[in-house]
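Okay, structure first, notes after.
The values are calculated or read from the model by the stated rules, or taken from the named source; none is laboratory data. What you see is a predicted model; the values in this text were computed from it and never measured. Methodologically, a virtual Cβ is constructed for each residue, glycine included, from the backbone with ideal geometry; neighbour enumeration extends over all protein chains shown.
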Amino acid sequence: MFRALAALLVLGFAHLAEHRMVHVPQSALKESDKKRSASAEKRRLGDDIARIVKDARQISIYHLTAFAVAPDEERPAGKKYFADYEVLEFNKVDEKKASKLKKILLDEKNYVKPSESNKCTFTATVGLEIVSKKGAVTALISYRCEKVLFIHNGQELYRDVKSLKQFDEIAHGLLKGQLG
């Protein structure tokens with residue numbers, strides 16, 4: 001009887017913690033509860049990013065060096081950086097191309113389900129700065145891994161892409177260098 005009561009208490013606290021009604025340390029939650037909580041957090045981050053992309057008023061595109069520079073590393077004077085990558089080229093995206101970019105970034109059909117994702121060391125060669133009244137999102141694109149890393153308020157969301165072909169057509173119209 002005592003074990004049954006204890007089990008009900010633990011399940012009740014896990015449910016309350018998930019709905020933010022009571023604070024329960026992560027170490028006290030079961031692995032399945034932790035995964036469910038992380039999944040909900042990822043969905044909220046994805047929703048925030050989608051709102052900003054959808055309402056974007058300005059998008060800038062950056063051609064980047066393939067490897068990030070450590071943030072605390074001394075950077076040579078006169079060079080520009082975006083998200084810890086050296087900028088090789090920069091351009092503002094016009095309204096027509098911004099509309100196409102937003103469609104590509106927001107279309108779930110362009111992304112692979114997490115279970116199908118590839119394991120690859122992420123190196124970005126293109127960056128997007130997406131700004132709306134609701135905030136800003138950085139999107140880093142890795143042609144090598146076919147991934148997009150979205151960064152919003154210090155949180156990261158990796159998405160595996162089926163193909164970068166649509167994006168590539170727009171990027172090549174805005175940047176001159178070899179992107180992938």
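How many residues, within the stretch 121-178, are acidic (D, E), over 12 Å from the mean Cα position of the chain (by Cα) and over 24 Å from R57 (Cα atoms)?
Residues meeting the conditions: 1.
Here are V131, V148: which of them is under 19 Å from L45 (Cα atoms), at pLDDT 85 or above, surrounded by fewer than 18 Cβ atoms within 10 Å (Cβ to Cβ) and in contact with a Ser or Thr (Cβ under 9 Å, 6 or more places away or on another chain)?
V131
I'm trying to understand the selection: among the residues of the stretch 129-170, which are in a helix (DSSP H, G or I) and in contact with a strand residue (DSSP E or B) (Cβ under 6 Å, 6 or more places away or on another chain)? Walk me through how you get there before you give the answer.
Here is the first cut: in the stretch 129-170, the residues in a helix (DSSP H, G or I) are 165-170.
None - no residue of the stretch 129-170 is in a helix (DSSP H, G or I) and in contact with a strand residue (DSSP E or B) (Cβ under 6 Å, 6 or more places away or on another chain), so the list stays empty.
Assess whether K96 counts as being of a type in the set (K, R) and touching an Asp or Glu at 6+ places or on another chain (Cβ under 9 Å).
Values: of a type in the set (K, R): yes; touching an Asp or Glu at 6+ places or on another chain (Cβ under 9 Å): no.
For K96, the condition - of a type in the set (K, R) and touching an Asp or Glu at 6+ places or on another chain (Cβ under 9 Å) - is not met.
Of these, K162, K102, K96, K133, which one is charged (D, E, K, R) and more than 21 Å from D55 (Cβ to Cβ)?
K162
Could you please give the count of residues in the stretch 127-161 that are in contact with a helix residue (DSSP H, G or I) (Cβ under 6 Å, 6 or more places away or on another chain) and charged (D, E, K, R)?
1
Starting from the stretch 82-96, keep only residues that are closer than 18 Å to L149 by Cβ and without any contact (Cβ under 8 Å) to a residue 24 or more places away in the chain, then list their pairs with residues that are surrounded by fewer than 16 Cβ atoms within 10 Å (Cβ to Cβ) and polar (S, T, N, Q) whose Cβ atoms are within a distance under 6 Å, requiring at least 6 positions of separation or different chains.
Within 6 Å, the pairs are E86/T65.
Within the stretch 82-101, identify whether any single residue is basic (K, R), within 21 Å of K133 (Cβ to Cβ), in contact with a Gly (Cβ under 9 Å, 6 or more places away or on another chain) and surrounded by 12 or more Cβ atoms within 10 Å (Cβ to Cβ), and answer yes or no.
yes
Select from the stretch 137-180 the residues that are in contact with a Lys or Arg (Cβ under 6 Å, 6 or more places away or on another chain) and in contact (Cβ under 8 Å) with a residue 60 or more places away in the chain and list them in ascending order.
Answer for the stretch 137-180, where residues must be in contact with a Lys or Arg (Cβ under 6 Å, 6 or more places away or on another chain) and in contact (Cβ under 8 Å) with a residue 60 or more places away in the chain: just I170.
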